[in-house]
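A.B. asks: Got a structure for you, written out below as structure tokens; questions coming shortly.
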Amino acid sequence: IAVGATALITRYLVMKSVASSHDSAQSGAIHDFWGQFFDRPNEELKIVYADTSFALWQDLQGKNLDLGDYLNRDYMNVQGNKLFNVAMRRVTSPADITIASRIAALVGRSGGQVNLEFARDASADFFHQGNAVLIGSHRSNPWVEVFEPNLNFELDQDPQSGAPLFRNRSPQSGEAKVYAIPAAYDTQKV
């Protein structure tokens, strides 16, 4: 029931954002950025939103799993009712729904279509054509792991505190190697 309700709410918010996007004025810079992804009519943008329960399971187990672990689903074969319940949940965060809705509105203004996919339901074939936006870190959306080696900034966790931080792999003049998120904003590990 919770999965169905979450899916319905997410679809509603995305469709509402797309519908209202036609009434909004188009910002030049935003249109220029998103427009390059939609140079053909009705082009599709795939949005893969995070599996928050996967990150929670890792936190509870004190483990760091990778995409291979995620795809083989061995983590779901756990002993103990609570851990099994966490592993089986299909949960994303309200922040992911908000981000997906805002991106969908931008896509709608650019004349594109949105294809929402829960990280657990995505497959390698899903990424073969078109553009994709992955929401979450590699802990909550293991598909990020495929693309991380090509990124300059990597979302990571402080080993002592668990607080999120961004690592700058190739700092330019005046840039830091690490950007820590202030403790006041550290409300969850994902």
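The numbers here are math on the coordinates, done by the rules we state, and not lab data. Since the model is a prediction, treat every value here as computed from it, not as a measurement. Heads up, the Cβs are rebuilt from the backbone with ideal geometry, glycines too, and the neighbour counts pull from every protein chain shown.
A.B. asks: How big is D for the range 45-123, in µm² s⁻¹ as a whole number, if Stokes-Einstein is applied with the Kirkwood radius of its Cα pairs at 20 °C and 1.002 mPa s?
C.D. replies: Rounded, D is 154 µm²/s.
A.B. asks: With a Förster radius of 45 Å, plug the Cβ-Cβ distance of Val178 and Gln36 into 1/(1 + (r/R0)^6) and report the FRET value to the nearest 0.05.
C.D. replies: In this case the efficiency is close to 0.90.
A.B. asks: Give me the Kirkwood hydrodynamic radius of the range 52-190, using the inverse of the mean 1/r over all pairs of distinct Cα atoms, in Å to one decimal.
C.D. replies: Across the range 52-190, the inverse of the average 1/r is 16.8 Å.
A.B. asks: Under a Cβ-only charge scheme (Lys and Arg +1, Asp and Glu -1), can you give me the dipole magnitude of the range 42-81 about the Cα centre, in debye to the nearest 20?
C.D. replies: That gives the range 42-81 a dipole magnitude of about 160 debye.
A.B. asks: Pulled fully out, how much extra length does the chain show between Asp158 and Asp125, if you take 0.36 nm times their separation in residues and subtract their Cα-Cα distance?
C.D. replies: Length gained, Asp158 through Asp125: 8.6 nm.
A.B. asks: Next question. What is the range 102-178 by shape, rounded, prolate or oblate, if you read a ≥ b ≥ c off the alpha carbon gyration tensor as root eigenvalues and call it rounded for a/c under 1.5, prolate for a/b larger than b/c, and oblate otherwise?
C.D. replies: It comes out prolate by the Cα gyration axes.
A.B. asks: Here's a follow-up. Label Asn150 and Leu67 with points 7 Å out from Cα along Cα→Cβ: what is the distance between them in nm?
C.D. replies: Using points 7 Å along Cα→Cβ, the separation is 1.1 nm.
A.B. asks: Can you tell me the FRET efficiency between Arg89 and Phe166 if r is taken as the Cβ-Cβ distance and R0 is 41 Å, rounded to the nearest 0.05?
C.D. replies: Efficiency, rounded to the nearest 0.05: 0.90.
A.B. asks: So what are the ³J(HN,Hα) numbers for the range 57-74, from phi and the Karplus equation (6.51, -1.76, 1.60; θ = phi - 60°), rounded to whole Hz, Gly and Pro as x?
C.D. replies: Karplus values, whole Hz, x for Gly and Pro: 4, 4, 4, 5, 8, x, 10, 10, 9, 10, 4, x, 4, 5, 6, 7, 6, 4.
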